[in-house]
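K.L.:
Okay, here's the structure, questions in a sec.
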Amino acid sequence: MVDTEAMLQLAQLVENAGSLVAVFDPEDRLRFANQAFRAAWFIDDHEQPLWPDLMRRNFHARRGTVVVTQDFETWLRSTLARRGKTGFRAFETDLHDGRWLWMTETMQPNGWMLSVASDISFIRTDERTLRQDRDFAIRASFTDDLTGLPSRRFAMARLAELVGASGGEARDVGCLAVLDIDNFKYINDRFGHSVGDAVLKDFAITLQRHLRKTDILGRVGGEEFLLILPNTVMEDAEAILERMLAAVRHSRPVPDQASFRYTFSAGLAWAESGEEPSDIYRRADLALYAAKMRGRDQLSIEIQPRRHLGEARAEQG
């Protein structure tokens, strides 16, 4: 039973709290923010901007979060590649008004996020610098320099988290795909490494447009990428990858060579709770090999795992 009076009191307490509180939906649109949060990021009453749009306009107005970069859009893509990818994240950030904040982001499996920030400006400036350097080093270890995507280390850690929440019962927790750009060595040899780098960057940008908030795309090797699709059934995962395949076919990563195009192949596997991440990766990689052998520029799906086959036989018998 919902206690209406308690809910009203909670809403009032959050609205007038000293902490900065906000809720973002699965599309990363602001759905609630208390007075303190709106004031810090210059959000009008009843306004519900998307988080990327909010950050973009405040960056150009030099207000809200301090973002130190020469290329905001590249910074934004890299940040979005990690935002909302873990159940809980805590970090420090500073505002243009001089405040230093401790921020936490708590994610629901359905993509809703609770963001809470507290003012920790009392920390000395020299200590702030040390903490900033530490956070920068951590972010660098989790980020691929060229594409701005999460690194292998970050992606595999998220996969381990996904399959680790088993609750003692084997169940599907999503899908994993291994992606590989077709004939990448030929591209480098024929057109040069600058074109190869352009292809890698274009691939990351193109695929990010088709990601949901909870999806994780990471670069795990030279031209190999890992795509984690939490809480996603196989049919939906197939549809997402088919859209990505089509988008890459139509992409033109080299402006002065309009005829240049490239493709990729993908192997898709189920992810079950309690499994070893390396086992899931191996199955997806075998499916990728099958896609390559069938001619590239396509998706291949692993043979049904043993548990699924057992369930199918039980249903038939």
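The values are calculated or read from the model by the stated rules, or taken from the named source; none is laboratory data. Predicted model only: the values in this text are computed from it and were never measured. Heads up, the Cβs are rebuilt from the backbone with ideal geometry, glycines too, and the neighbour counts pull from every protein chain shown.
K.L.:
Hey, does the range 54-75 have a residue that's of a type in the set (Ser, Thr, Tyr), outside the structural domain of Ala157 (by TED's automatic domain parsing) and assigned to a helix (DSSP H, G or I)? Reasoning before the result, please.
P.N.:
Looking only at the range 54-75, we keep the residues that are of a type in the set (Ser, Thr, Tyr), and these are 65, 69, 74.
Now drop any that are not outside the structural domain of Ala157 (by TED's automatic domain parsing), which leaves 65, 69, 74.
Checking the rest, the ones that are also assigned to a helix (DSSP H, G or I) come to 74.
Checked against the condition, which is being of a type in the set (Ser, Thr, Tyr), outside the structural domain of Ala157 (by TED's automatic domain parsing) and assigned to a helix (DSSP H, G or I), the range 54-75 yields at least one hit.
K.L.:
I need the full set of residues from the range 9-30 which are free of Cβ contacts under 8 Å to residues at least 60 places away in the same chain and either surrounded by 12 or more Cβ atoms within 10 Å (Cβ to Cβ) or not in a helix (DSSP H, G or I) (or both), in order please. Walk me through it before giving the result.
P.N.:
First, pick out the residues of the range 9-30 that are free of Cβ contacts under 8 Å to residues at least 60 places away in the same chain: 9-17, 29-30.
Ala11, Val14, Glu15, Asn16, Ala17, Arg29, Leu30, listed by residue number.
K.L.:
Limited to the range 238-278, what total is found for residues that are of a type in the set (A, V, I, L, M, F, W, C), over 17 Å from Val163 (Cα atoms) and touching a residue at least 24 places away in the same chain (Cβ under 8 Å)?
P.N.:
Result for the range 238-278: 10.
K.L.:
Of the residues Glu242, Glu223, Glu238, Glu276, which single one is surrounded by fewer than 23 Cβ atoms within 10 Å (Cβ to Cβ), farther than 23 Å from Asp145 by Cα and touching a helix residue (DSSP H, G or I) at 6+ places or on another chain (Cβ under 9 Å)?
P.N.:
Numbers: Glu242 fails: touching a helix residue (DSSP H, G or I) at 6+ places or on another chain (Cβ under 9 Å); Glu223 fails: farther than 23 Å from Asp145 by Cα; Glu238 fails: touching a helix residue (DSSP H, G or I) at 6+ places or on another chain (Cβ under 9 Å).
Going through Glu242, Glu223, Glu238, Glu276 in turn, just one is surrounded by fewer than 23 Cβ atoms within 10 Å (Cβ to Cβ), farther than 23 Å from Asp145 by Cα and touching a helix residue (DSSP H, G or I) at 6+ places or on another chain (Cβ under 9 Å): Glu276.
K.L.:
Looking only at the range 85-96, how many residues end up being over 15 Å from Ser118 (Cβ atoms) and in contact (Cβ under 8 Å) with a residue 40 or more places away in the chain?
P.N.:
Residues flagged as over 15 Å from Ser118 (Cβ atoms) and in contact (Cβ under 8 Å) with a residue 40 or more places away in the chain within the range 85-96 amount to 3.
K.L.:
Mind checking which residues of the range 238-284 are of a type outside the set (A, V, I, L, M, F, W, C), over 21 Å from the mean Cα position of the chain (by Cα) and under 20 Å from Leu207 (Cα atoms)? Talk me through it step by step, then tell me what you get.
P.N.:
Here is the first cut: in the range 238-284, the residues of a type outside the set (A, V, I, L, M, F, W, C) are 238, 242-243, 249-253, 255-257, 259, 261-263, 265, 267, 272-279, 281-283.
Among the residues that remain, those that are also over 21 Å from the mean Cα position of the chain (by Cα) are: 249-253, 255-257, 259, 261-263, 274-276, 279, 282-283.
Scanning the range 238-284 gives Arg249, His250, Ser251, Arg252, Pro253, Pro255, Arg261, Tyr262, Thr263.
K.L.:
Also: Given the options Ser265, Ser251, name the one that is of a type in the set (Ser, Thr, Tyr) and in contact with a Phe, Trp or Tyr (Cβ under 8 Å, 6 or more places away or on another chain).
P.N.:
On the way: Ser265 fails: in contact with a Phe, Trp or Tyr (Cβ under 8 Å, 6 or more places away or on another chain).
Result of the check over Ser265, Ser251: Ser251.
K.L.:
If Ser115 passes every condition in (1) modelled with pLDDT of 95 or more; (2) of a type in the set (Ser, Thr, Tyr); (3) not assigned by TED's automatic domain parsing to the domain that holds Ala81 but one, which one does it miss?
P.N.:
(3)
K.L.:
Being basic (Lys, Arg) and modelled with pLDDT of 95 or more, is that true of even one residue in the range 72-88?
P.N.:
no
K.L.:
Here is a follow-up. Select from the range 248-273 the residues that are touching a strand residue (DSSP E or B) at 6+ places or on another chain (Cβ under 9 Å) and part of a loop (DSSP other than H, G, I, E, B) and write down the one among them that is surrounded by the most Cβ atoms within 10 Å (Cβ to Cβ).
P.N.:
Here the answer is Tyr262.
K.L.:
Next up: Specify the residue that is modelled with the lowest pLDDT; the eligible residues are those in the range 150-174 that are small (Gly, Ala, Ser) and touching a Gly at 6+ places or on another chain (Cβ under 7 Å). Steps first, please.
P.N.:
Restricting attention to the range 150-174, the residues satisfying the condition of being small (Gly, Ala, Ser) are 151, 155, 157, 160, 164-168, 170, 174.
In the following step, the residues that additionally are touching a Gly at 6+ places or on another chain (Cβ under 7 Å) were identified as 151, 155, 166, 170.
On the way: Ser151: 93, Ala155: 94, Ser166: 52, Ala170: 68.
Checked the range 150-174; the qualifying residue modelled with the lowest pLDDT is Ser166.
K.L.:
Which of the residues spanning the range 3-17 are under 22 Å from Leu54 (Cβ atoms) and either out of contact with any strand residue (DSSP E or B) (no Cβ under 7 Å at 6 or more places or on another chain) or outside the structural domain of Gln108 (by TED's automatic domain parsing) (or both)?
P.N.:
The answer is Glu15, Ala17.
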